[in-house]
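Enquirer: Let me begin by handing over the structure; questions about it come next.
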Amino acid sequence: MERNEIFNKVVELAVDKLSAEKAEIKEETNFIEDLNADSLDVVDFVMALEGEFDMEIPEDDVEKIKTVKDAVDYIVNK
Amino acid sequence: MRRVVVTGVGAVTPVGNSAEETWESLLAGKSGIAAITHFDTEKFSTKLAGEVKNFDSEDKGLSKKDAKRLDRFEIFAITAALEAVADAKLELSESEKERAGVSVGVGFGGIRSFEDNTDLLLTKGPRRVSPFMVTQMIPNMGPAYISMHLGFKGPQSCPVAACASGTYGVIDAFRYIREGVTDVMIAGGAEAAVTPMGVAGFMNMRALSKRNDEPEKASRPFDKDRDGFIPAEGAGMLVLEELEHAQKRGAKIYAEVVGYGATSDAHHITQPAPRGEGGRRAMEMALRVSGITPEDVDYINAHGTSTPFNDRFETMAIQDLFGDHAKNLKVNSTKSMVGHMLGAAGGVEALVVALSIYHQKVHQTANFEEGEEEFHLDYVAGGAQSHPIKYALSNSLGFGGVNGVVVMKKFED
């Protein structure tokens, strides 16, 4: 999958799970600081990533996924 | 003795998405019972419920994100509480909020969220269970979310007392204010158990009506042709306030709460004790705590579920306790129009009693045509009536033999 395609999917899931506006989501958008997510929202969002990209993200790795870019990079490198 | 008054009401019910709309519907005799839309009822012998209709949580001030994280019972609880506070025109300072609490009863909790996540657990495994499942399921999140939305920092209570939960919510709230712990309480009940598991469970207990071809006639409390209750959902909330606190800010006072009764049948898991003995003792205790006699009571909002057992035994309990005065009472069942809102019922019925006292009017028991031979009460058939009410009772009698009664009085300074 192209990086751009992954980015678009991640944005889509952030809109759905974090009730964010699509226009406000950039590569550097931080889920907690910019989208007012709490730790449970992040878990919910990461679970959606796992479902969408058919992968398991270990708990230790979840902590490293703070921005949209982190999420996209993580998926690209898997 | 500190006095407790009702200064605000809020509701989400099958006949209205506010307390005012609900009250107007009840006076008009409008039924909220219809075919279930929440799930496919093909294999269910009962296909009817009192569902909340045309409800938009964003219109009611909740964000899209709130709506996603919440179970339906929590959404009802929050919106009814916000309405009650707005109705009371209540604006508390930060220090006053430390003396304001929440006491909201819930029977099931977020059973739909639990069902949906059970499905995920079994089909996709534990890693797919939502991180919000627990906070959607546990009943006390109803009052918890209310405290968060209003910033109330006093006690948070969630009595789980089956079909009497809402009434126990009001009882606990009354006691907190009377004992001087708080000056303001949100009191009531919330429920959203019109779900496959909720309906299947009651259905197999043989507790539900099967009058599927006549939805509006299915809930017929005290009528000889009743055949079970109709499950329903929603929330009913009151603002209870210490009298001086209410008067100092010029609040509108609907009614005064003057006492309560609370008893156990200690008899059977679902059947009431013979002749409704536990309910009779709860009403007796309520009169004693309120310092009044049976002759002082003008109106009883009955538990009146439309099941053969409940309505027979509740009638006997009222007739046994009130004796000759029983014939002077108006006795109605709100469930005849909204169905049985389970844990929310006591909250809604308490606000119906407060409004009945305020307006000096009682709504009808819809579909009551003819009682059984030994039924001698005035069930308010045929339409709403004006009725002078000084004292009124709200009865709730739950599975497990848990009985609760709230006593309200027309407010006099």
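Enquirer: Measuring from centroid to centroid over Cα atoms, what is the spacing of region A:1-73 and region B:7-50 in Å?
Expert: That distance is 39 Å.
Enquirer: Between A and B, buried accessible area summed over both sides at probe 1.4 Å, in Å² to the nearest 100?
Expert: The A and B chains share an interface burying roughly 1100 Å².
Enquirer: Gap in Å between the Cα centre of region B:368-406 and the Cα centre of region B:265-289?
Expert: Centre-to-centre (Cα) distance: 15 Å.
Enquirer: Let me ask you something else. For q = 0.07, 0.10, 0.13, 0.14 Å⁻¹, what log10 I(q)/I(0) does chain B give under the Debye formula with an equal point scatterer on each alpha carbon and no solvent?
Expert: Debye intensities relative to I(0), on a log10 scale: -0.28, -0.59, -1.01, -1.18.
Enquirer: Something else about it: Identify which of A:31, A:45, A:53 has the largest mean-square fluctuation in a Gaussian network model of chain A, with springs joining Cα atoms closer than 10 Å.
Expert: A:53
Enquirer: Also, quick follow-up: Would you work out if the protein assembly as shown is rounded, prolate or oblate? Take a ≥ b ≥ c from the square roots of the eigenvalues of the alpha-carbon gyration tensor; rounded if a/c is under 1.5, else prolate when a/b is larger than b/c, oblate otherwise. Before the final figure, lay out each step's value.
Expert: On the way: a/c = 2.49, a/b = 1.69, b/c = 1.47.
Cα axes put the protein assembly as shown in the prolate bin.
Enquirer: If you don't mind, another one. Which residues, if any, in region B:117-166 have at least 30 Å² less accessible area in the whole protein complex than in the isolated chain, probe 1.4 Å?
Expert: B:127, B:128, B:131, B:132
Enquirer: List the residues of region B:45-78 that lose 50 Å² or more of accessible area once all protein chains are present, compared with their chain alone (1.4 Å probe, heavy atoms only, no ligands or nucleic acids).
Expert: B:65, B:68
Enquirer: Hey, another quick one. In square angstrom, what is the accessible area per residue of region B:4-248 with a 1.4 angstrom probe? Could the numbers behind the result be given before it?
Expert: Details: 9400 Å² over 245 residues.
Using a 1.4 Å probe on heavy atoms only, each residue of region B:4-248 averages 38 Å².
Enquirer: Based solely on its DSSP helices, what 222 nm [θ] is calculated for the protein assembly as shown when runs of n ≥ 4 H residues each add -39,500 (n - 2.57) and the sum is averaged over all residues, nearest 500 deg cm²/dmol? Walk me through the numbers before you get to the answer.
Expert: Numbers: 20 runs with 195 residues, N = 491.
Calculated from helices alone, the mean residue ellipticity at 222 nm is -11500 deg cm²/dmol.
Enquirer: Tell me, which residues of region A:15-29 get at least 20 Å² less accessible area when the other protein chains come in, versus the chain alone (1.4 Å probe)?
Expert: Output list: A:16, A:19.
Enquirer: Region B:99-150 to region B:234-256: how many Å between their Cα centroids?
Expert: Comparing the Cα centres of region B:99-150 and region B:234-256, I get a distance of 29 Å.
Enquirer: On to the next question. Using the Cα gyration tensor of region B:100-216, with a ≥ b ≥ c the square roots of its eigenvalues, what is the shape: rounded (a/c below 1.5), prolate (a/b larger than b/c) or oblate (neither)? List each step's numbers first, then the result.
Expert: Numbers: a/c = 3.17, a/b = 1.40, b/c = 2.26.
Cα axes put region B:100-216 in the oblate bin.
Enquirer: Mean separation of Cα pairs under 8 Å and 6+ residues apart, divided by the residue count of chain B: what relative contact order is that in percent?
Expert: Working: 1141 pairs, mean separation 97.5, N = 413.
In percent, rounded to a whole number, it is 24.
Enquirer: Using every alpha carbon pair in region B:4-248, what percent of pairs falls into each 5 Å bin from 0 up to the bin containing the largest distance?
Expert: Values per bin, smallest distances first: 1, 7, 13, 17, 18, 16, 12, 8, 5, 2, 1, 0.
Enquirer: Roll a 1.4 angstrom probe over the protein heavy atoms and tell me the percent of accessible area of chain A that is carbon or sulfur. Numbers along the way, then the final one.
Expert: Values: 2090 of 4600 Å².
Heavy-atom surface of chain A belonging to carbon and sulfur, 1.4 Å probe: 45 percent.
Enquirer: I've got another one for you. For region B:213-321, what class follows from the C-alpha gyration tensor (a ≥ b ≥ c being the square roots of its eigenvalues): rounded when a/c is under 1.5, otherwise prolate if a/b is larger than b/c, else oblate?
Expert: oblate
Enquirer: On the protein heavy atoms, probe 1.4 angstrom, tell me the percent of accessible surface of chain B carried by carbon and sulfur.
Expert: On the way: 7620 of 15340 Å².
Carbon with sulfur: 50 percent of the solvent-accessible area.
The values are calculated or read from the model by the stated rules, or taken from the named source; none is laboratory data. For clarity, every value in this text was computed on a predicted model and none was experimentally measured. What goes into the accessible areas is simple: the full protein's heavy atoms, side chains included, and nothing from ligands, DNA or RNA. Shrake-Rupley method; radii C 1.70, N 1.55, O 1.52, S 1.80 Å.
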